[in-house]
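Below is one structure, written out as structure tokens; comments come after it.
Any read-out appearing in this document is the output of simple, stated calculations on the displayed coordinates, not a laboratory observation. Because the structure is a prediction, the values reported are computed rather than measured.
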Amino acid sequence: MADYTDPRKVILYPVSGDKAFRLMEMENKLVFVVDRSANKRTIANAVEDLYKVKVAKLNVVNTNRGLKKAYVQLAPEHSAEEIATRLGVL
């Protein structure tokens with residue numbers, strides 16, 4: 001397991017596609033490509049540290065292209081669209 005003292009080593013970059021925008025608007029979710037060896041707890045902690053939000057739910061998917069995507073649902077008091085705007089995705 002890699003050393004994840006820096007959350008930017010866990011969260012590689014946000015995903016910006018049609019499905020990601022739909023999830024952002026409808027379900028208050030953000031999608032990130034993450035390090036392949038990161039687990040759910042590490043990913044949730046990195047998102048909370050980097051963006052100062054509370055994670056309500058987290059799903060992880062390994063793609064057939066060798067990427068690992070994290071679908072992060074934020075707590076209702078935080079807006080996924082506001083975070084995406086801060087990131088420059090919107």
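Apply the Karplus curve 6.51 cos²θ - 1.76 cosθ + 1.60, θ = phi - 60°, to the phi angles in the range 47-64 and return the couplings in whole Hz, x for Gly and Pro.
Result, ordered by residue: 5, 5, 5, 5, 10, 6, 10, 10, 8, 8, 8, 9, 10, 10, 10, 8, 8, 6 Hz.
Given N residues in the chain, what is its alpha carbon radius of gyration divided by 2.2 N^0.38 Å? Intermediate values should be presented prior to the final figure.
Values: Rg = 12.1 Å, N = 90, 2.2 N^0.38 = 12.2 Å.
The reported ratio for this selection is 0.99.
Can you list the residues, at least 5 places off or on another chain, whose amide H is less than 5 Å from the amide H of residue 15, using H built in the peptide plane?
Correct list: 31, 32, 33.
List the lysines whose alpha-carbon lies under 16 Å from that of residue 54, not counting same-chain residues fewer than 8 positions away?
29, 40
On the first, second and third principal axes, largest extent first, how far apart are the outermost C-alpha atoms of the range 1-47 in Å?
34, 16, 14
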